[in-house]
Amino acid sequence: MTQTVNPAVSNNSLIHRTVLNNGIVVLVAENPAADIIAGRIFIRAGSCCEQREKAGLAHLLATVITKGCDGLSSMEIAEEVESVGASLSADTSTDYFLMSLKTVTGDFPQILSLAGRIVRSPTFPTTQVELERRLTINSIRSQKEQPFTLAMEQIRRVIYQNHPYSLSVMGDENTVSNITQEDLVEYHQTYFRPDNIVISIAGRVTLNEAVALVEEVFGDWQNPEQALPEINLPEIAVEPQSQLKPIHTQQSIVMLGYLGAAVNDADYAPLKLLSTYLGNGLSSRLFVELREKRGLAYEVSAFYPTKLYPASFLVYMGTAPENTTIALEGLQTEVELLCTTELTETSLQAAKNKILGQYALGKQTNGQIAQIYGWYEILGLGIDFDRQFQELTTAVTVQDALIAARRYLQKPYLSLVGQEGAINRAVLSYEL
């Protein structure tokens, strides 16, 4: 099969983008520094493609897909990987499915071929499905004992309502119990197809070698006649409210949440910088003001994940029960300041330096390189988003940050987990 090459996709000379005739996008970063090749196989299908009553389907598929394929048992797959000291694993997220592999250069064809067999022809053995189901349910039960996870679950549910982002990627006990082997087969047959796949490779391999290897493994894979199903997601109404979860614990988790912007939105970069300024690291505003100066926090942070659809902007603190009310007031005050007062140029530049420095450090290994470019491609951003993200971040002004804060960070959702009396007093004070 002849591949078609699009040489004008990116200004980045380190990454090459090729589209095979069956629609598979191949990204190749030549990096001869070490005798290692890393690969990432992205499928545009995560938990957003599930039915709510089958939540956790993509996650269960990820846990079981390497447990049997096309004539190979789970043990035979493991032995083939371990015999050459390679790594091969699968994972899923809200927005995509991922298979990761890493080998020395000489063994890459063998492991890529194995990955191809797994991706194309998994068998989902009944015994392995049941084992992974039990393990998943045990993990779900274990998370119910973790205050932070409970707080996240509460706030995710009220922010996103009927949107798939409201659900844990793992699902819950009931939905995971309802997933059948037939569900796994149907999901795989629907979404695992050449025109829905990005393969990203980085390491001691040339463009021509990498494309030839992918052609050999995947080139004869044909797309089904039916089109990919459209994902019709509900609108997310912004309706801030409070959620409380009383549990017996020695700390309170106080969490404020806001519906932010998707990665392709103009406000993505300003919100990313505000999150970094507020809660990224020991020099962040929340850490200095609420932990170092006031001693309120066991832990305190802010985060704003990169998502295909609107992401949540969250700030949280773990604190002693007796400090729950003032911790909530402190968090709210710090976020409100972003809406009323411009950051100083010095503070904004420090946040830019931090985020861009961390971004650069996150592209050092072949695995990191394969991951980030494949991720951008599967999200529909294109590999040139690597450059665009840095330019967008650098261009953010203090006024941009203030406008974004006022647009997204005005009225928070509240999630409290902790001793009943402490969180009741805090929410009463908050509502007054």
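A few points about this structure:
- ³J(HN,Hα) computed for each position of the range 353-366 - Karplus, 6.51 cos²θ - 1.76 cosθ + 1.60, integer Hz, glycine/proline x: 4, 5, 5, 6, x, 5, 5, 5, 5, x, 10, 8, 8, 4
- Between Gln243 and Leu414, Ser415, Leu416, the built amide H atoms are under 5 Å apart, and every one of these is 5 or more places off in sequence or on another chain.
- Evaluated with a Cβ-only charge set (Lys, Arg +1; Asp, Glu -1), the range 282-432 carries a dipole of roughly 100 debye about its Cα centre, given to the nearest 20.
- Nearest-ten-degree value, helix 324-340 long axis tilted from longest Cα axis of the chain: 80
- Over 25 Å (Cα to Cα) - which of Lys144/Lys354; Lys144/Lys293; Lys54/Lys144; Lys144/Lys411; Lys102/Lys144; Lys245/Lys411 fall in this group: Lys144/Lys354; Lys144/Lys293; Lys144/Lys411; Lys102/Lys144
- Based on DSSP H segments of at least four residues, each scored -39500 (n - 2.57), the chain has a per-residue ellipticity at 222 nm of -13500 deg cm²/dmol.
- Per-peptide average of other Cβ atoms within 10 Å, ordering 246-259, 122-135 highest first: 246-259, 122-135
- Local net charge near Ala38, Cβ-Cβ under 13 Å (Lys/Arg +1, Asp/Glu -1): +1
- The overall shape of the range 76-127 is oblate: from the C-alpha gyration tensor, with semi-axes ordered a ≥ b ≥ c, the ratio a/c is 1.5 or greater and a/b is no larger than b/c.
- For Rg and Dmax of the Cα atoms in Å, the value computed from the atomic coordinates appears in the list (1) 20.9, 63; (2) 23.1, 68; (3) 22.4, 75 under label (2).
- Radius 15 Å from Cβ of Arg204, net charge of other residues (Lys, Arg +1; Asp, Glu -1): -3
Where a number appears in this text, it was derived from the coordinates with a stated rule and is not lab data. Owing to the predicted nature of the structure, the values given are computational and were not obtained by experimental measurement. Here the Cβ is made from the backbone with ideal geometry for all residues, glycine too, and neighbour counts use every protein chain on show.
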